[in-house]
Amino acid sequence: MQATLLPITPSLSLYKSRSSLSSPSSFNPILNPSISSFTSCTPIVSSSKFFSLTPLHFSNNNTFHTKATVTAAADSSSSSSSSSSSSLFKTLELGVLFCLWFSFNIYFNIYNKQVLKVYHLPVTLTAFQFAIGTLLVAFMWGLNLYKRPKITSSQLLAIFPLALVHTLGNLFTNMSLGKVAVSFTHTVKSMEPFFSVLMSSMFLGEMPTAWVVASLVPIAGGVALASATEVSFNWIGFLSAMASNLTNQSRNVLSKKLMVNKEESMDNITLFSIITVMSFFLSVPLTIFMEGVKFTPAYLQSAGLDVQQVYIRSLLAALCFHAYQQVSYMILERVSPVTHSVANCVKRVIVIVSSVIFFQTPVSPINALGTGIALSGVFLYSRVKGIKPKPE
């Protein structure tokens, strides 16, 4: 039976439906004695001992000086007002970007999880998400909404490893989301600082400070406690999330190690766009080799799924996936890395809480404690990683 299009609500089932779908007087020396120093007057003494003044005359220098003083004061006031308005606008703009970042991330995880619960082919879904991202990049470049970059062969060679680990990182994340609860996947992904410190020390020679090492203890302990008490725990979901941490931090290390030529450097959004396109071309053959072509209407119908809803949810997840990463780079261009890291920690908390509420995920007190300890460690790490050791 052909399924009809139902309203888009996050809780909608993706299985096939069976039943339904200033005034001039201020310069008068009589009314304003304070400007008498600017006047040139000749006193005439009369027999009655009264004074009379000749008509008021301003010298050229004094007139110019007076006007310049008034103009400078006006310019200063106008500049202060303009600076205040600009600062307010930038604050509001940043606030909107943070809201969009959090919102897109929440809805990506919700829609993505809904699809993966009924469509157990994460490689295909990952390729589809990169395909939608590639179309969006082509749209922006084609309409000159964002400047199309001129890429050299040396840049492509430098970006290729970044695209490879970017592809694997998102694939492993989808594999984890398909096997365990969203909240647990993001709890395990809070281990990213551990892998960041490990990879940076091994390949970049950046030794962590004692404060950084200390912040890793609650992270590791919290994740271990949460894992031991997770209802949806299974090894594939856990190891996939850990592999995602490894690949994502490898991307950060590679970007520092390979993209070092300032003459060939590019802004973050352009780099992300190129990586997205390259990831799409990398994921297509991987999808065909591992899962085949199983995203057709015929296949979905044979699996008893609502074709329209699976496509709509997959499209919404892909749009949110590309949007939240794009907004993340826009925020990174406006704030310091430490601020961005703290905001990322807050974002993960919001995603975990929202997914627990939405999917009604059972959480024990000990499990919640473990998650809280891990996230507190992440916050501590984001605050202390910028502290440099005192020179001896």
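For the range 98-243, the solvent-accessible area of protein heavy atoms averages 43 Å² per residue (probe radius 1.4 Å; ligands and nucleic acids excluded). Close amide-amide hydrogen proximity is noted between L305 and K16, each under 5 Å apart and 5 or more residues distant or on a separate chain (H modeled in the peptide plane; Pro and chain starts excluded). Karplus-derived 3J(HN,Hα) values for the range 210-226, using 6.51 cos²θ - 1.76 cosθ + 1.60 with θ = phi - 60°, are 4, 5, 5, 4, 5, 6, 6, 4, x, 5, 5, x, x, 5, 4, 5, 5 Hz; glycine and proline are entered as x.
Can you list the residues of the range 131-169 with backbone N under 18 Å from a point 7 Å past the Cα of V293, pointing along Cα to Cβ? Those under the cut-off are 131-132. The apolar share of the surface of the range 257-387, taken as the fraction of accessible area on carbon and sulfur atoms (1.4 Å probe, ligands and nucleic acids excluded), comes to 68 percent. Along the charge dipole of the range 265-392, Cβ charges K/R +1 and D/E -1, which of T361, T276, M290 sits furthest on the positive end? About the Cα centre, the residue reaching furthest to the positive side is T361. If R0 is 25 Å, what FRET efficiency do you get for I350 and V96 from their C-beta distance, rounded to 0.05? Rounded to the nearest 0.05, the efficiency is 0.95.
Among the listed pairs K150/K256; K113/K294; K147/K294, those with a Cα-Cα distance over 24 Å are K147/K294.
Count Lys and Arg as plus one, Asp and Glu as minus one, and take only other residues whose Cβ is under 12 Å from that of I110; the net charge is then +3. When a 1.4 Å probe is rolled over the protein heavy atoms, the share of accessible surface on the range 74-218 that falls to carbon and sulfur comes to 69 percent. Modelled spin-label separation between T209 and S103, with each label point placed 7 Å from Cα along the Cα-to-Cβ direction: 3.7 nm. For the range 316-392, what does the alpha-carbon gyration tensor say about shape, rounded, prolate or oblate, given a ≥ b ≥ c as the root eigenvalues, a/c under 1.5 as rounded, and a/b over b/c as prolate? Note, shape of the range 316-392 comes out oblate.
The values are calculated or read from the model by the stated rules, or taken from the named source; none is laboratory data. Source: prediction; values computed, not measured. Here the Cβ is made from the backbone with ideal geometry for all residues, glycine too, and neighbour counts use every protein chain on show. Side chains are part of the model used for accessible areas, which takes the heavy atoms of the whole protein and leaves out ligands, DNA and RNA. Shrake-Rupley method; radii C 1.70, N 1.55, O 1.52, S 1.80 Å.
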